[in-house]
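The values are calculated or read from the model by the stated rules, or taken from the named source; none is laboratory data. Note that the coordinates shown come from a computational prediction; the quantities given were computed from them, not determined experimentally. Here the Cβ positions follow ideal geometry from the backbone for every residue, glycine too, while neighbour counts run over all protein chains shown.
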Amino acid sequence: MYPVEPRRLRDELVGVAQKLGFEVRVEPFRAPTRSAGGLCRLRDRVLILVDAGANPIDQARALAEALATLDLEDVYMAPEARGLIERLRKVRSPAAPVRKPGAS
């Protein structure tokens, strides 16, 4: 198997987030941050923010980290996307819960 192109992986993860009902906003971050994005609560909704200025690999990682907090067992996605999410779950705190999509 060949490595997936970063933009394609990012787009796959955006699609997964949207299938789950999350709005994904790609916007330039004004202040320098250590992250290229993540889950964000804005008033009464949860969305995923992604830094438009980050490279596609960092954008994909930010999306995968946000999705790694959710129960994705019944969600179809490309094997490369699922693999990235599973790798990130392994490095998360074992006490960190995996939530059902849409749970706040």
- Query: Among the numbered criteria (1) closer than 20 Å to Glu86 by Cα; (2) at pLDDT 90 or above; (3) exposed (fewer than 14 other Cβ atoms within 10 Å of the Cβ), which single criterion is violated by Arg25?
  - Reply: (1)
- Note on the structure: Residue hits (the stretch 28-52; part of a loop (DSSP other than H, G, I, E, B), of a type in the set (Gly, Ala, Ser) and modelled with pLDDT under 90) are Ala31, Ser35, Ala36
- Task: For the stretch 63-79, state whether one or more residues are touching a Pro at 6+ places or on another chain (Cβ under 6 Å) and either at positive phi or not hydrophobic (A, V, I, L, M, F, W, C) (or both).
- Result: no
- Message: Every residue in the stretch 62-78 that is in a helix (DSSP H, G or I) and either of a type in the set (Val, Ile, Thr) or without any contact (Cβ under 8 Å) to a residue 40 or more places away in the chain (or both), please.
- Response: Ala62, Glu65
- Item | Those residues of the stretch 48-61 which are of a type in the set (A, V, I, L, M, F, W, C) and either free of Cβ contacts under 8 Å to residues at least 12 places away in the same chain or surrounded by 19 or more Cβ atoms within 10 Å (Cβ to Cβ) (or both), in sequence order | Ile48, Leu49, Val50, Ala54, Ala60
- How many residues, within the stretch 9-20, are more than 13 Å from Val75 (Cβ to Cβ) and touching a residue at least 12 places away in the same chain (Cβ under 8 Å)? 3
